[in-house]
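These notes are about the structure you will find just below.
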Amino acid sequence: MQEIIKTNERLPFMRFRGIMGIISIILVVASIASLSVNKLNFGLDFTGGTLLEVGFEKPAELNRVRTALDDKGFGDAVVQNYGTQEDILIRLEPREGVKAEQLGTDILDSLRAEFEQTVEMRRIEFVGPNVGDEFIEQGGLAMLTALICILLYIAMRFEWRLAVGAVAALAHDVILTLGLFSILGLEFDLTVLAALLAVIGYSINDTVVVCDRIRETFRKYAKLTPIQTVNRALTDTLSRTLVTSLTTILVLLTLFFLGGPLIHGFATALLFGVVIGTYSSIYIASTVALAFGVSRDDLMPTEVEKEGADQDPLP
Amino acid sequence: MLNKYPLWKNLLIIFIVLVAALYALPNIYGEDPAVQVSANRNATIDTSTMDRVKSSLENVGIQAKSIALEEEQLLVRLNSDDEQLKARETILDSLGDNYIVALNLAPATPEWLKSVGAQPMKLGLDLRGGVHFLMEIDMDEAVRKIVDGMKDTIRTELREERIRYSAVRVDDTTVEVELRTDEAYAEAASYLDGRYQGYNLVEDEENRLLQLQMSDQKLAETRDYAVSQNITIMRNRVNELGVAEPVIQRQGSNRIVVELPGVQDTARAKEILGATATLEFRMVDSENDIRDAQNGRVPFGSELMPMRDGPQQLLKEDVILTGDHIVNAGVGYDEYNRPQVNITLDGAGGNKMSMATKDNVGQPMATVFIEYKATDERDEKGNLQFTKNAEVINVATIQSRLGSSFRITGVGANEAQNLALLLRAGALIAPIQIVEERTVGPSLGQQNIDSGTQAIFWGFVLVLAFMVVYYKKFGLVANCALAANLILIIGVMSMIPGATLTLPGMAGIVLTVGMAVDANVLIFERIREEIKAKRSPQQAIHHGYDSALSTIADANVTTLIAALILFAIGNGPIKGFAITLAIGIITSMFTAIVGTRAIVNSVWGGKKLSKLPI
């Protein structure tokens, strides 16, 4: 039998819960601080504006592109390489008073005039400023709805202490992933938002498995203290947790390297989220549940009352 | 502890996977470049059209792969991309204006598959290339137009009834009528009371003021009508563009989504879809001197208006006719081969035109082109503000009394083309603006498909390899389940008519591949634990599957919740991700629990074993 972790012993996970808790709190605070100072580098989906991806035949001369655009009055354009040397990405802030949906075509025309080679239009995106605001609103709403629905489901299936632990773990993962995007200044667009929701899905998956085992272990071993019980449950699920994370990380790495630049942010958010999610399902959920004083009595199966059991049988 | 599935259960599993495989099959056949011909107005498509197309193509040396008549449409499959454009032009030339000829990529699904309803997955715009527009309708303007029309009606009717009023004006959604005398007030009140459906009469006797307020229901109807009229008009305009399989849908209360797969000339598409234009015909005021007006003494009942490529014009305020009476408009050429726009009006429009021009032969008539342009500004309610740009595009002398058919000359070839197109599509009651656009070029689309497929392939291979190394023969079993899962996802995606595959959708498939093994990992880890606890192999299998079940269900339901929320709020590409994720979760539960159990049972079940290869 090949195993990542070979042990029949309980690993003393909870011995480190203090230090892990402190590390997590520091990371969460740092993330929130960065989010409030640096904010998120919102992509076009949220800010509105115009984006153009064009392909040249030869490696693109960025400076010449910039001058050409400057001459045409697009001085505020951000020009950068995208994926390959031949591809460039041009971004423009939302503008007042111009027929905005016409911008993309105008820029393309002026590039074609400046460079005497085929300039291929690969992608044009235009998002009106209000649509962007709506996306932010919808995204935030979706995140909250997801968290609440999952909280309700877990509270229904398990017990409120574990549910709070699970949601704390989720919030932890989301905040840290957002923090990473804020600290590194990575672009936050709709696909990253989707990835974040997928992280919620993944992390909750992991946490549920752990919580399930904690409950089972409480029921099975009456003599263990809560800390011993949690240690035991975490040890038992550890190899599953690691194997699943490993396979998921494997496919995410292929997405990161082969999925193309459009999917880069998505893969980054998920990769980071899965790593953090794996850690949080081990430490955060259980630590929070313990802090709220989860015990064996809370998790025993409730006896189903038979209808009419308290009534005398009919004569 | 026998661990045997009954035969019917095994057969059912095989059957399900086979059906999915059958429906997934069309995806490997690829697509043919094709030209799709459909009828526009009055024209019909039958076998004679088919023969005409066939012979015209043969004349220019194009050998079509096949020509088929399906649902009143003609689908001409071609052998190469190069022939596609040429074929389109040829067919357009030979059939003329009454047909819409669109470029298309037709799935090359073999007949026997088509006969069971199997079709390849629909590809999203990010994979196929094309344009996505989100358009917003100016509802205030729509309502304003209706109320303005009401104002005119009331004026005319009061005049006909000889009820003397001092003013009829519009205030937001209300038409106010001010009467001169108490007598007229009483007359008007009884006349107007209950006369117009959808308007409530509010009487203010003291001020001799009558207010006709648009009811909420009428307001809602007006808005609905504005949306549906816009959708109809968009559909017409899209038809003019010649696009195969366009999507035109309402989104929310005042938005329309237009998706045009495969369109490359986006500038033209935008110009035609985005511009709101209408025409007004008005008499030129030739009795007064325009120089007086330019100096600020504009005569009563006239107004100054700019002219495109020309001096200002002084026009009468009365509108002879508006664009909504236009039935048809097309480009033609006069004897000097100059472009002109031929216009046909409906009956009422013809009468109006005839009345107005009867006494004005020899007088100049102006064509006013009115365009609504969005200003990017919004009012406090967040609605877009539009400015109305009116300009005279043409002044022509009325040569004779005009009827329901006449022509405008003196326009450039391109302008004539665009004008005719817009007029034909009808006049919008409410202006519309593009608030979101996503255009993907065809080469990027193909590149997205390639990188998506590669990511799926290598992700799949890596996971397969890992599972075999880590779980030995049981790993192989999980791999069979994973392969079956992939087939099921693609099969189900192809079966659901609304499901579209997008690049994030492909990412969803990759992610499911990674996560789908989770159920098997849970089960296998349980089996290993049971073995460690010194249970017999058969018992280990049985308990392993049993005790993992509720965990798997809980874990997947929560992920499913996240996927459903994504689906509910997401836009196109994100929805694609949510769909594949949700389908993947459900199919993976089936293959990982039931599918692997069937294999495990038939390989190791019902035997005395001393050891399990796990």
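Table: residues versus (1) under 23 Å from A:F266 (Cβ atoms); (2) among the small types (G, A, S).
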{"position": "A:N38", "(1), (2)": "yes, no"}
{"position": "A:D45", "(1), (2)": "yes, no"}
{"position": "A:G49", "(1), (2)": "yes, yes"}
{"position": "A:N63", "(1), (2)": "no, no"}
{"position": "A:G75", "(1), (2)": "no, yes"}
{"position": "A:N81", "(1), (2)": "yes, no"}
{"position": "A:L103", "(1), (2)": "no, no"}
{"position": "A:E114", "(1), (2)": "no, no"}
Can you tell me which condition B:T558 does not meet? The list is (1) facing chain A (nearest Cβ under 10 Å); (2) surrounded by fewer than 24 Cβ atoms within 10 Å (Cβ to Cβ), and all the others hold. (2)
Taking segment B:445-462 as the search range and keeping residues that are at the interface with another protein chain (Cβ under 7 Å from one of its Cβ atoms) and surrounded by fewer than 24 Cβ atoms within 10 Å (Cβ to Cβ), which one is nearest to B:D81 (Cα to Cα)? B:Q447
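I'd like the full set of residues that are aliphatic (A, V, I, L, M) and over 14 Å from A:L108 (Cα atoms), limited to segment A:61-88. Full working, then the answer.
Taking segment A:61-88 first, the residues aliphatic (A, V, I, L, M) are A:62, A:65, A:68-69, A:77-79, A:88.
Once the filter is applied, which keeps residues that are aliphatic (A, V, I, L, M) and over 14 Å from A:L108 (Cα atoms), segment A:61-88 yields A:L62, A:V78.
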Qualifying residue in segment A:256-267 (condition: over 24 Å from A:I150 (Cα atoms), buried (at least 20 other Cβ atoms within 10 Å of the Cβ) and free of Cβ contacts under 8 Å to residues at least 60 places away in the same chain): yes
Could you check B:L123 against (1) under 30 Å from A:E134 (Cα atoms); (2) modelled with pLDDT under 80 and say which number it fails? (2)
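Look through segment A:206-223, keep the residues that are more than 9 Å from chain B (Cβ to nearest Cβ) and of a type outside the set (A, V, I, L, M, F, W, C), and return whichever of them is farthest from B:I569 (Cα to Cα). Outline the logic, then answer.
In the first step, residues of segment A:206-223 are kept if they are more than 9 Å from chain B (Cβ to nearest Cβ); the result is A:210, A:214-215, A:217-223.
Still in the list and also of a type outside the set (A, V, I, L, M, F, W, C): A:215, A:217, A:219-221, A:223.
Values: A:R215: 34, A:T217: 39, A:R219: 40, A:K220: 42, A:Y221: 44, A:K223: 48 Å.
Applying the filter and picking the extreme gives A:K223.
I'm trying to understand the selection: among the residues of segment B:259-300, which are touching a strand residue (DSSP E or B) at 6+ places or on another chain (Cβ under 7 Å), in a loop (DSSP other than H, G, I, E, B) and modelled with pLDDT of 80 or more?
Let us first name the residues in segment B:259-300 that are touching a strand residue (DSSP E or B) at 6+ places or on another chain (Cβ under 7 Å), namely B:259-263, B:266, B:269-270, B:273-286, B:288, B:290, B:293-294, B:298.
Then keep just the ones that are in a loop (DSSP other than H, G, I, E, B); that gives B:262-263, B:275, B:285-286, B:288, B:298.
The answer is B:D285, B:S286, B:N288, B:V298.
Tell me, which residue of segment B:63-84 that is outside any strand (DSSP E or B) and polar (S, T, N, Q) is nearest to B:Y99 (Cα to Cα)? Spell out how you get there, then give the answer.
Looking only at segment B:63-84, we keep the residues that are outside any strand (DSSP E or B), and these are B:63-65, B:71-72, B:78-84.
Filter once more, keeping what is polar (S, T, N, Q): B:63, B:79-80, B:84.
Details: B:Q63: 21, B:N79: 23, B:S80: 23, B:Q84: 17 Å.
Within segment B:63-84, the match that is nearest to B:Y99 (Cα to Cα) is B:Q84.
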Lone unmet requirement of (1) hydroxyl-bearing (S, T, Y); (2) closer than 21 Å to A:K39 by Cβ; (3) facing chain B (nearest Cβ under 8 Å) for A:T145: (2)
Within segment B:531-555, considering residues that are outside any helix (DSSP H, G or I) and of a type outside the set (A, V, I, L, M), the one nearest to the other protein chains (Cβ to nearest Cβ): B:K534
Looking only at residues that are under 26 Å from the mean Cα position of the chain (by Cα) and assigned to a helix (DSSP H, G or I) in segment B:6-55, which one is surrounded by the most Cβ atoms within 10 Å (Cβ to Cβ)? B:P26
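Go through B:L212, B:L192, B:L179, B:L158 for me and flag whichever is outside the structural domain of B:A420 (by TED's automatic domain parsing), in contact (Cβ under 8 Å) with a residue 60 or more places away in the chain and in contact with a Phe, Trp or Tyr (Cβ under 9 Å, 6 or more places away or on another chain). It would help to see each step written out before you state the result.
On the way: B:L192 fails: in contact (Cβ under 8 Å) with a residue 60 or more places away in the chain; B:L179 fails: in contact (Cβ under 8 Å) with a residue 60 or more places away in the chain; B:L158 fails: in contact (Cβ under 8 Å) with a residue 60 or more places away in the chain.
Exactly one of B:L212, B:L192, B:L179, B:L158 is outside the structural domain of B:A420 (by TED's automatic domain parsing), in contact (Cβ under 8 Å) with a residue 60 or more places away in the chain and in contact with a Phe, Trp or Tyr (Cβ under 9 Å, 6 or more places away or on another chain), namely B:L212.
Between B:V510, B:V517, which is within 12 Å of chain A (Cβ to nearest Cβ) and either under 22 Å from B:S451 (Cβ atoms) or within 21 Å of the chain's Cα centre (by Cα) (or both)?
Details: B:V517 fails: either under 22 Å from B:S451 (Cβ atoms) or within 21 Å of the chain's Cα centre (by Cα) (or both).
From the options B:V510, B:V517, the qualifying one is B:V510.
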Looking only at residues that are under 18 Å from B:I523 (Cα atoms) and aliphatic (A, V, I, L, M) in segment A:224-239, which one is farthest from the other protein chains (Cβ to nearest Cβ)? A:L234
Within segment B:520-530, tally of residues that are more than 8 Å from chain A (Cβ to nearest Cβ) and not polar (S, T, N, Q): 5
Criterion (surrounded by 13 or more Cβ atoms within 10 Å (Cβ to Cβ) and on the phi < 0 side of the Ramachandran plot) met by exactly one of B:Q213, B:Q217, B:Q197: B:Q213
Of the candidates A:T217, A:T235, A:T229, the one satisfying the condition of being in contact with a Phe, Trp or Tyr (Cβ under 7 Å, 6 or more places away or on another chain) and not basic (K, R) is A:T229
Residue count, segment B:74-120, condition β-branched (V, I, T), farther than 16 Å from B:K54 by Cβ and over 27 Å from the mean Cα position of the chain (by Cα), comes to 1
All but one of (1) at pLDDT 80 or above; (2) over 23 Å from B:P261 (Cα atoms); (3) not aliphatic (A, V, I, L, M) hold for B:G96, so report the exception by its number. (1)
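Residue by residue through segment A:143-156, note down the ones that are surrounded by fewer than 23 Cβ atoms within 10 Å (Cβ to Cβ) and in contact (Cβ under 8 Å) with a residue 12 or more places away in the chain. Let's see the steps before the verdict.
Here is the first cut: in segment A:143-156, the ones surrounded by fewer than 23 Cβ atoms within 10 Å (Cβ to Cβ) are A:143-145, A:147-149, A:151-153, A:155-156.
Selection gives A:M143, A:L147, A:L151.
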Quick one: in segment B:463-485, which of the residues that are buried (at least 22 other Cβ atoms within 10 Å of the Cβ), within 40 Å of the chain's Cα centre (by Cα) and aliphatic (A, V, I, L, M) is nearest to the other protein chains (Cβ to nearest Cβ)? B:V463
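Condition check ((1) at pLDDT below 80; (2) among the hydroxyl-bearing types (S, T, Y); (3) touching a Leu at 6+ places or on another chain (Cβ under 8 Å)) across all residues:
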residue: A:Y153; (1), (2), (3): no, yes, no
residue: A:W160; (1), (2), (3): no, no, no
residue: A:A168; (1), (2), (3): no, no, no
residue: A:G179; (1), (2), (3): no, no, yes
residue: A:D189; (1), (2), (3): no, no, yes
Being touching a residue at least 40 places away in the same chain (Cβ under 8 Å), assigned by TED's automatic domain parsing to the domain that holds B:V35, outside any strand (DSSP E or B) and not hydroxyl-bearing (S, T, Y) is the requirement here; does B:I91 meet it? yes
Which of the residues spanning segment A:115-134 are more than 7 Å from chain B (Cβ to nearest Cβ) and touching a helix residue (DSSP H, G or I) at 6+ places or on another chain (Cβ under 9 Å)? A:F115, A:T118, A:V119, A:P129, A:G132, A:D133
For residues that are in contact with a Ser or Thr (Cβ under 9 Å, 6 or more places away or on another chain) and either of a type in the set (D, E, K, R) or loosely packed, with under 14 Cβ neighbours inside 10 Å (or both), tally how many sit in segment B:72-91. 2
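Residue by residue, here is whether (1) closer than 25 Å to A:L190 by Cα; (2) in contact with an Asp or Glu (Cβ under 7 Å, 6 or more places away or on another chain); (3) surrounded by 19 or more Cβ atoms within 10 Å (Cβ to Cβ); (4) among the acidic types (D, E) holds:
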position	(1), (2), (3), (4)
B:A519	no, no, yes, no
B:K532	no, no, no, no
B:H543	no, yes, no, no
B:L566	yes, no, yes, no
B:T596	no, no, yes, no
B:G606	no, no, no, no
Any idea which of A:S203, A:S182 is part of a helix (DSSP H, G or I), within 12 Å of another protein chain (Cβ to nearest Cβ) and polar (S, T, N, Q)? A:S203
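The values are calculated or read from the model by the stated rules, or taken from the named source; none is laboratory data. Only a predicted model underlies this, so the values are computations on that prediction, with no experimental measurement involved. Every residue, glycine among them, receives a Cβ derived from its backbone with ideal geometry; neighbour counts consider all protein chains shown.
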